[in-house]
Every structure is written in C-alpha cells, then in structure tokens.
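The values are calculated or read from the model by the stated rules, or taken from the named source; none is laboratory data. If you're wondering where the values come from, they're calculated on a predicted model, not measured in any experiment. Here the Cβ positions follow ideal geometry from the backbone for every residue, glycine too, while neighbour counts run over all protein chains shown. The accessibility values were calculated without ligands, DNA or RNA, using every heavy atom of the protein model including side chains. Shrake-Rupley method; radii C 1.70, N 1.55, O 1.52, S 1.80 Å.
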Amino acid sequence: MPRDYSRGLQEIGDGLYAYLQPDGGWGWSNSGLIVDGESTLLVDTLYDLKLTEQMLGEMRLAVPAAARIDTLLNTHANGDHCYGNSLVQGARIVASERTAAEMPELPPAAMAALVKQAPEMGALGAFFLSCFGAFDFEGIELALPDETFSGELTLRVGSREVRLIEVGPAHTRGDTLALLERERVLFSGDILFNEAHPIAWAGPVSNWIAACERILAMDIEVIVPGHGPLAEKGAVRELKAYFEYLYEQARARHAEGMSALQAARSMSLDRWADWSESERLVVNIASIYAELSGASAPLNPLEAFQWMAELAAG
Ligand SMILES: [Zn+2]
C-alpha cells in the first residue's frame, strides 16, 4: 500500500523539525532538529554521507542556527541512524551506554563488503540488495558517541529541556526516546515504525510492549517515528496491540513445535495486513520464541536475513 507523505524538513512546532524520508522502508529513516536561539540538537543522522549532507543542507537553508549542531543524539545503534555522524563536525555525540557499545559492531565497511558480495549470495543476496542496495557505504568513517548515559538524562537546548529515556533493549540494545514535555513532542527513534512492521533485533518483545505503555502514558501530541510518516499516540496503541497479538499467536505455535518461519507463514496478519516490510514478522516471532524458551543467545542477523528472504519470496 503506498504511503503518501511529504519528503524532507517539516516544521512540527516552534523551533522543532522532523526530517522525513519516504517511504520509510529498510534504511529510509527519519531524523529531527530541535532549536532554541543559537542552540541546536540533532536527533540521528542518516544511512550514508550523501543523504546526510542533503539533510544538513536543507536544515541550514531553513534554519540558519543549524549551521552549527551543538549536540547530536543517536537514538540507537543501527547504521541508518548514525552512519552520517562524521558530517556533524564539532558536535558532542550523545547516546545510551548500550547504544555506544553496540554501534561499532556493524561498521559501514562491513555493510559495504556485504553489498559487494550480495550478487553471489543467491536469494539471500538479492533480498539484501533490495533492502540496502540504494545506499553508499563506501568510505564512511563512523564517528562514535563521546558522552553516554544509562536510564535517563536531561539535555538543555537553550531554554528547552529534552528528556532522554532509555527504553531498550527492544528494537536494539539501547533504544532511547527524546521527549520534549512542555512542547508535547516525542522523537521515538525505531521504537515506532509508523505503518510498517517493527523488527525486534534485540528484544525482548515484552520490553517493547512496556516501552509502548510508557509512551502511551505521556502527554504528547506529535511523535516523530524512526521510520514512516508523523504519528500520534494511536500509532503506538496499534503497535502495542500488534505485539500482543503476535505474542498470543506465537505462543500457540511454539507449543505445537512450529519453527518461526512456519509460524510466520501460517499466521494471519489481521488488521496489520497493510503494514509494509511484512517479512520482519519472522524475526519478531523468533524473538518471542526466544523469550518463551528463556534463550539468552542474541539473534544471528545473517540467519534473520535468511528467514526474511524466504518469507519475502513467499
Ligand atoms: Zn532505522
């Protein structure tokens, strides 16, 4: 189903901006900009240098103060939220401790190598290229966080307060929300993929459900999701219901001894059938399976892509 929303910088409040990248699919992430006077905070960079340069250029044009970014927040460790970091020169880079630890594990050079090998990797390679072939990972030097926190940290942007709330592990190990209480705006990172299937790389899914509950208890009006169009709390309510539905469906199939892939193939997507990236279902089921069986080993990303490639192929 086509998702219709505008590309680029959107003003969502006085000095508050979202930068949206349709269609929100694999790698097409959103970012945010918070400004007060000359003080600036950037929420996430993009997947490659060209996209990040284009974003920074658009921000500087619309908001002169954005010529200098004081603080860069990385909401989590996935490359589509941090590979552009090196272009934000002079900024202090803040992330949760868990995010900072996870970030160097998949450097841009590894993604560049995988894209190069993909044509010889059969159906898995073709699927991988359909997800990441549009991005240029060559020659990216990953700038890592220089300030970390655990739990919560409040940052000041001029007279504004930005509350960083660590809710991971869920999508990744150290997912962080950025809440502007007075302005009633939340930058959710990939805790919300709006109108698309989420993907529980780290899990547990029960922790993600708890993160949804935390957001639902907030007094907010606008959510800038990590992917997809601007959202309201209704989108988080839908995400929570999706995970609860998946949990119930996966529990029965786990008891029957079905594999995660068999479970994904046999499951009706109910009212979430319109959401894109439905191949992620198998990873979310595998994450629930791991939780049900008390497994502590992290998901193997290559195995996860193998399952998704199989599910996407039908
Ligand atoms: Zn993302």
Checklist line | Among PHE128, GLY257, SER278 the positive-end extreme of the charge dipole of the range 8-313 (Cβ point charges) | finding: GLY257
Check: By the scheme Lys and Arg +1, Asp and Glu -1, what is the net charge of all other residues having a beta-carbon under 14 Å from that of LEU124?
Finding: -4
Note to self: Need one word for the range 87-127: rounded, prolate or oblate. Basis is the Cα gyration tensor (sqrt eigenvalues a ≥ b ≥ c); a/c below 1.5 gives rounded, then a/b vs b/c decides.
What the structure shows: prolate
Notebook entry, point to check: Over the range 8-313, what is the relative contact order in whole percent, taking alpha-carbon pairs under 8 Å and six or more residues apart?
Noted result: 16
Next item on the list: Using a Gaussian network model of the chain whose springs link C-alpha atoms within less than 10 Å, name the residue from PRO169, PRO119, PRO225 with the highest mean-square fluctuation.
Entry: PRO119
Check: Going by alpha carbons, how many degrees (0 to 90, nearest 10) lie between the helix axis of 205-216 and the longest principal axis of the chain?
Finding: 40
Item checked: Positive dipole terminus of the range 158-225, leading residue within PRO198, ALA210, PRO169 (C-beta point charges) -> PRO169
Margin query: Which order do the peptides 257-263, 68-74, 27-33, 305-311 come out in when sorted by mean C-beta neighbours inside 10 angstrom, highest first?
Written below: 27-33, 68-74, 305-311, 257-263
Notebook entry, point to check: DSSP beta bridges in the chain, what fraction antiparallel, as a percent rounded to 5?
Noted result: 65
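Could you tell me whether the chain comes out rounded, prolate or oblate from its Cα gyration tensor? Rule is a ≥ b ≥ c as square roots of the eigenvalues, rounded for a/c under 1.5, then prolate if a/b exceeds b/c, otherwise oblate.
prolate
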Checklist line | Degrees separating the helix 108-117 axis from the principal Cα axis of the chain, which is the longest one | finding: 40
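At a 1.4 Å probe, what is the % contribution of carbon and sulfur to the accessible area of the range 8-313?
In the range 8-313, the share of accessible area belonging to carbon and sulfur is 49 percent.
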Margin query: Just the number please: accessible area per residue for the range 8-313, 1.4 Å probe, all protein chains included, in Å².
Written below: 40
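Add +1 for every Lys or Arg and -1 for every Asp or Glu among the other residues with Cβ under 13 Å from the Cβ of PHE243, and state the total.
Details: positive: ARG237, LYS240, ARG251, ARG280; negative: GLU213, GLU238, GLU244, GLU248, ASP270, GLU291.
It works out to a net charge of -2.
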Notebook entry, point to check: Using a Gaussian network model of the chain with C-alpha springs under 10 Å, which one of ALA297, ALA250, ALA211 is most mobile by mean-square fluctuation?
Noted result: ALA297
Note to self: Charges at C-beta only: +1 for Lys and Arg, -1 for Asp and Glu. How large is the resulting dipole of the chain about its Cα centre, in Debye rounded to 20?
What the structure shows: 260
Margin query: Please report the net charge: other residues with Cβ closer than 11 Å to the Cβ of GLY314, K and R +1, D and E -1.
Written below: -1
Notebook entry, point to check: Points 7 angstrom from Cα along the Cβ direction at GLN262 and GLN54: gap in nanometres?
Noted result: 4.5
Checklist line | ASP23 accessible area, 1.4 Å probe, all protein chains in place, Å² to nearest 10 | finding: 70
Check: Points 7 angstrom from Cα along the Cβ direction at LEU106 and ARG92: gap in nanometres?
Finding: 2.9
Check: Rounded to the nearest 0.05, what FRET efficiency do ARG182 and ASP270 have when you use their Cβ-Cβ distance and R0 = 41 Å?
Finding: 0.60
Check: For the residue pair ARG68 and SER150, what label-to-label distance in nm results when each label sits 7 Å from Cα along the Cα-to-beta-carbon direction?
Finding: 3.4
